[in-house]
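Every read-out reported here was derived from the displayed coordinates using simple, explicitly stated rules and does not represent laboratory data. Quick caveat, the model's predicted, so the values are computed rather than measured. Glycine also receives a Cβ, built like all others from the backbone with ideal geometry; neighbour counts cover every protein chain displayed.
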Amino acid sequence: MMLMYILNLFSVRSAKFISRKQWVVAGADDMFIRVYNYNTMDKVKVFEAHTDYIRCVAVHPTLPYMLSSSNDMLIKLWDWDKGWVCTQIFKGHSHYVMQVTFNPKDINTFASASLDRTTKIWSLGSPDPNFTLDGHQKGVNCVDYFTGGDRPYLITGSDDSTAKVWD
């Protein structure tokens, strides 16, 4: 059986399940985030999240949080237990923020990939990045954590036609 949601007339750039709430969440080019119950197809929440296209949403593995990133160069932390209020804004990139992802081994940190050619590592509760990975010659489109082993590896993919593994 396939469920279909009519979200809007704009491109949806990122969508995720929030299984513990039975929701799907999607961010789109109209700058809105939409939340639906995937069992009933009821709309849970719709809100304007950014001032430019939303590129990515990432769901925290245990807390009632979701990150969104955008062409407005911002990353925002949303708390759905507080009515989807924005509880923190992360500034530091100088171009579109293409992707954000939580660190599965340290769920208080996350990584962001940007067309400013950098990947930044952030901590929840701190407005400034912990550090910046600078090594791509063009914009960084994606980032992910390696979940096996003891070392905190990251992989990034870039418009410079490379994928880099970071230790």
J(HN,Hα) series, segment 24-33, from Karplus relation 6.51 cos²θ - 1.76 cosθ + 1.60, nearest Hz, glycine and proline x: 10, 10, 9, x, 9, 6, 8, 6, 9, 9
Calculated Rg and Dmax of the chain using C-alpha coordinates, Å: 15.7, 46
Amide H contacts under 5 Å for Met98, placed H, 5+ residues apart: Ala113, Ser114, Leu115
Residues of type lysines that Lys164 reaches as a straight line, Cα spacing below 21 Å, ignoring anything fewer than 8 places off in the same chain: Lys105, Lys120, Lys138
Loop sites in segment 95-135: trypsin sites (Lys or Arg not before Pro), DSSP, at most 14 other Cβ within 10 Å: Lys105
Peptides 74-80, 126-132 ordered by average Cβ neighbours within 10 Å, highest first: 74-80, 126-132
Peptide ranges 14-23, 89-98 listed from the most packed, as the mean C-beta count within 10 angstrom indicates: 89-98, 14-23
Mean separation of Cα contacts under 8 Å, 6 or more apart, over the residue count of segment 53-166: relative contact order %: 17 percent
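If we count other beta carbons within 10 Å of each Cβ, what is the order of Ser114, Ser11, fewest first?
Values: Ser114 27, Ser11 11.
So the residues, fewest neighbours to most, are Ser11, Ser114.
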